[in-house]
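Before any comments, here is the structure.
What follows draws every value from the coordinates through simple rules; no lab data is involved. Since the model is a prediction, treat every value here as computed from it, not as a measurement. Cβ: placed from backbone, ideal geometry, glycine included. Neighbour counts: every protein chain shown.
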């Protein structure tokens, strides 16, 4: 991907960029995807149902008072992923017309175009058969909810019920309650808790910084420990989670969160060297089994060492303004 001095590129480089875990992961996986998302600001607005469910669970557990500001509940069930993406695209077209009386069926030609682009239902013989796959009563109801929701995410009742059940399971687990400091009293003045804590950090030796939203942070000033607790859902069995840490590079998230928390809570402490930062992934699987995966000091030391290589790669892409190929391919390190 050649950068040719476009307005978007100039705007992107006019201000300091702050990498989140997701942004850094996206850069490593596909620099072109990173370029489209962050430089050109061409972001995917539609969320798959399982991603919405994860967001709902986080909200209900860590900031339930914000639910109504972020979500709107819909009776029934959300469309499956492919029809949902089509309807979400039609809704974006709908917003451009500024006529809220238009119905989903009024966009039949646009629907057919979207289906053709997505190569969806093209094995059916007629346009009407393809339209019938989208123009169902449930899909029409979803479109109407989109019109009402504006910037809120729509949550169907089964998803909401499932997330509420998971919250109760998490809260009933004594180990999880202890980690999240759910049972502290007014006398526990040495304990500070933070939920959905956004932290942004500059780096003196890098042209970019880091930021992230930490699910739960518990600061124990008596024990001199900062507990960082990150909630993860998985569609696999809970014993398979260690493999996901490597596959999704959750280890990078753990390192970034450690950097962020250390900067916020330890930067100005004269006894900072005496403190510990403990990262735990609280995982709930598809069977609603729960386990807190604590990161050992030895493992965190290795992850921090590996993270230095990641930063070097990110710095190369950022300073060279190269987003066409992953680093090893871009510099010719790969040979068959």
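Within the range 101-110, identify whether any single residue is under 28 Å from residue 161 (Cα atoms) and in a helix (DSSP H, G or I), and answer yes or no. Yes - at least one qualifying residue is present in the range 101-110.
Residue selection: residue 254 satisfies the criterion of being in contact with a strand residue (DSSP E or B) (Cβ under 7 Å, 6 or more places away or on another chain) and either over 21 Å from residue 163 (Cβ atoms) or buried (at least 18 other Cβ atoms within 10 Å of the Cβ) (or both).
Of the residues making up the range 213-227, those that are assigned to a strand (DSSP E or B) and over 17 Å from the mean Cα position of the chain (by Cα) are 217, 218, 219, 220, 225, 226, 227. Got at least one residue in the range 238-250 being out of contact with any helix residue (DSSP H, G or I) (no Cβ under 6 Å at 6 or more places or on another chain) and not in a helix (DSSP H, G or I)? For the range 238-250, residues out of contact with any helix residue (DSSP H, G or I) (no Cβ under 6 Å at 6 or more places or on another chain) and not in a helix (DSSP H, G or I): present. Determine if the range 262-277 includes at least one residue that is in contact (Cβ under 8 Å) with a residue 12 or more places away in the chain, closer than 18 Å to residue 303 by Cα and in a strand (DSSP E or B). Within the range 262-277 (the criterion being in contact (Cβ under 8 Å) with a residue 12 or more places away in the chain, closer than 18 Å to residue 303 by Cα and in a strand (DSSP E or B)), the answer is yes, since at least one residue qualifies. Restricted to the range 140-172, and to residues there that are in contact with a helix residue (DSSP H, G or I) (Cβ under 7 Å, 6 or more places away or on another chain) and within 16 Å of residue 92 (Cβ to Cβ), the residue that is surrounded by the fewest Cβ atoms within 10 Å (Cβ to Cβ) is 153.
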